[in-house]
Every structure is written in C-alpha cells, then in structure tokens.
Amino acid sequence: MNDVVKYNEGSDPVNRPVIDFLFDEFHQALPTASFKVWHGAPVWFLDEIPVVGYQDHKHGVKVLFWSGKDFSEPGLLGIGKHRAAGITYTDVASINVEDLRRYLRLCTEIIWDYRSLRPKK
C-alpha cells in the first residue's frame with residue numbers, strides 16, 4: 001500500500017481530490033482486491049488480474065478498466081487494441097458517482113484474463 005500512498009501524495013495538487021475520491025471508492029467497491037503501483041500507476045487486481053486503475057495526468061485523472069469495452073457503457077471510451085476502456089475526471093464534481101460505482105461493479109463481473117486471452121465470468 002505504501003507505493004500507492006506515495007503515488008497519491010506525489011500527484012498534481014489539482015488532481016489530488018479526484019485521486020483521493022477514487023482511492024476511497026475503489027476500496028469500498030473492491031474490498032478483496034490487491035493493489036499496487038504497476039507500470040507507473042495504481043492498479044487494483046482480482047486473482048492477480050488487473051481490473052481498474054488510475055493515472056495522474058496534466059488534464060485530469062484517467063481511469064482505466066481493463067475489460068471496460070465489454071461493459072457496453074457509453075460513458076467509457078475504448079483504449080488500445082484489447083478490451084480496455086476508460087474515462088477522465090477533471091474534478092470531483094465531474095464524477096457521476098452512480099456511473100462510477102456501476103463500472104466498479106462491472107469490473108468484478110466481467111474480467112478478461114489477459115494471461116490466457118479468454119474471458120473469465
């Protein structure tokens with residue numbers, strides 16, 4: 001946990017309220033998940049499979065759901081060639097909490113196991 005706390009503490013002060021909010025929401029929604037800084041950003045894992053993470057950026061905080069394309073949620077934009085999708089939050093007021101909590105629930109139900117490239121449901 002210390003590496004994630006250090007990441008959060010070192011984030012852009014403008015983005016820090018969003019990061020703190022997301023950190024708390026992720027913990028509530030994913031109580032059994034492990035988490036660590038992975039590839040430079042905090043990521044939450046279920047059974048060692050990445051499901052969600054966030055990254056501090058100049059123009060807000062980017063949230064990535066590894067299986068997000070399969071959520072069929074219009075608020076998430078596809079990222080890359082695999083199944084990931086994400087959303088960027090610029091401040092806490094921009095977070096639709098109901099949507100975020102639904103995305104977090106879906107990331108526990110729809111999990112792509114990238115190690116074997118087969119969906120785990």
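Out of the residues in the stretch 56-90 that are surrounded by 15 or more Cβ atoms within 10 Å (Cβ to Cβ) and of a type in the set (A, V, I, L, M), state the one that is nearest to V14 (Cα to Cα). Give the steps one after another, and end with the answer.
Residues of the stretch 56-90 surrounded by 15 or more Cβ atoms within 10 Å (Cβ to Cβ): 56, 60-71, 73, 76, 79, 83-89.
From the residues that got through so far, the ones that are of a type in the set (A, V, I, L, M) too are 61, 63-64, 76, 79, 84-85, 87.
Values: V61: 10, V63: 16, L64: 20, L76: 23, I79: 24, A84: 26, A85: 24, I87: 17 Å.
So the residue we want is V61.
Suppose we filter the stretch 7-34 for residues that are in contact (Cβ under 8 Å) with a residue 12 or more places away in the chain and charged (D, E, K, R); how many remain?
3
Please go through the stretch 51-78 and pick out each residue that is without any contact (Cβ under 8 Å) to a residue 24 or more places away in the chain, assigned to a strand (DSSP E or B) and of a type outside the set (G, A, S).
As a first pass, look at the stretch 51-78 and keep what is without any contact (Cβ under 8 Å) to a residue 24 or more places away in the chain: 53, 55, 64, 69, 72, 74, 77-78.
Checking which are assigned to a strand (DSSP E or B) leaves us with 53, 55, 64, 77-78.
Q55, L64, L77 - these are the residues of the stretch 51-78 that are without any contact (Cβ under 8 Å) to a residue 24 or more places away in the chain, assigned to a strand (DSSP E or B) and of a type outside the set (G, A, S).
Assess whether A93 counts as being crowded, with 19+ Cβ neighbours inside 10 Å and either of a type in the set (A, V, I, L, M) or at pLDDT below 95 (or both).
Details: crowded, with 19+ Cβ neighbours inside 10 Å: no; either of a type in the set (A, V, I, L, M) or at pLDDT below 95 (or both): yes.
For A93, the condition - crowded, with 19+ Cβ neighbours inside 10 Å and either of a type in the set (A, V, I, L, M) or at pLDDT below 95 (or both) - is not met.
Provide a single number: the residues in the stretch 1-45 that are in a helix (DSSP H, G or I), aliphatic (A, V, I, L, M) and touching a Gly at 6+ places or on another chain (Cβ under 9 Å). If you could, list the steps in order and put the result at the bottom.
Let us first name the residues in the stretch 1-45 that are in a helix (DSSP H, G or I), namely 2-9, 16-29.
Right, trim to aliphatic (A, V, I, L, M) and you get 4-5, 18-19, 22, 29.
Then drop every residue that is not touching a Gly at 6+ places or on another chain (Cβ under 9 Å), which leaves 18.
Qualifying residue count, the stretch 1-45: 1.
What residue, among those in the stretch 79-100 that are within 14 Å of the chain's Cα centre (by Cα) and not in a loop (DSSP other than H, G, I, E, B), is nearest to P17 (Cα to Cα)? Even if it seems obvious, please write down each step before you answer.
So in the stretch 79-100, the residues within 14 Å of the chain's Cα centre (by Cα) come out as 79, 83-89, 95, 97, 99-100.
Okay, now just the ones that are also not in a loop (DSSP other than H, G, I, E, B), so 85-89, 97, 99-100.
Working: A85: 22, G86: 19, I87: 16, T88: 14, Y89: 11, V97: 14, D99: 18, L100: 16 Å.
Filtering first and then ranking leaves Y89.
Mind listing just one residue for me: the one in the stretch 13-55 that is modelled with pLDDT of 95 or more and of a type in the set (D, E) and, of those, surrounded by the most Cβ atoms within 10 Å (Cβ to Cβ)?
Checked the stretch 13-55; the qualifying residue surrounded by the most Cβ atoms within 10 Å (Cβ to Cβ) is E25.
Exactly one of these conditions fails for V5: (1) modelled with pLDDT of 95 or more; (2) surrounded by fewer than 17 Cβ atoms within 10 Å (Cβ to Cβ); (3) farther than 16 Å from D91 by Cβ; (4) of a type in the set (V, I, T). Give me its number.
It fails just one condition, (1).
Pull up the stretch 69-86, narrow it to residues that are in contact with a helix residue (DSSP H, G or I) (Cβ under 7 Å, 6 or more places away or on another chain) and not acidic (D, E), then point me to the one that is modelled with the lowest pLDDT.
Within the stretch 69-86, the match that is modelled with the lowest pLDDT is R83.
Applying the selection to the stretch 1-43, what residues are in contact with a helix residue (DSSP H, G or I) (Cβ under 7 Å, 6 or more places away or on another chain) and among the polar types (S, T, N, Q)?
Answer for the stretch 1-43, where residues must be in contact with a helix residue (DSSP H, G or I) (Cβ under 7 Å, 6 or more places away or on another chain) and among the polar types (S, T, N, Q): N8, S11.
The values are calculated or read from the model by the stated rules, or taken from the named source; none is laboratory data. A quick note: this is a predicted structure, and the numbers were derived from the prediction, not measured. Positions of Cβ are generated from backbone atoms using ideal geometry, with glycine treated the same way; all protein chains shown enter the neighbour counts.
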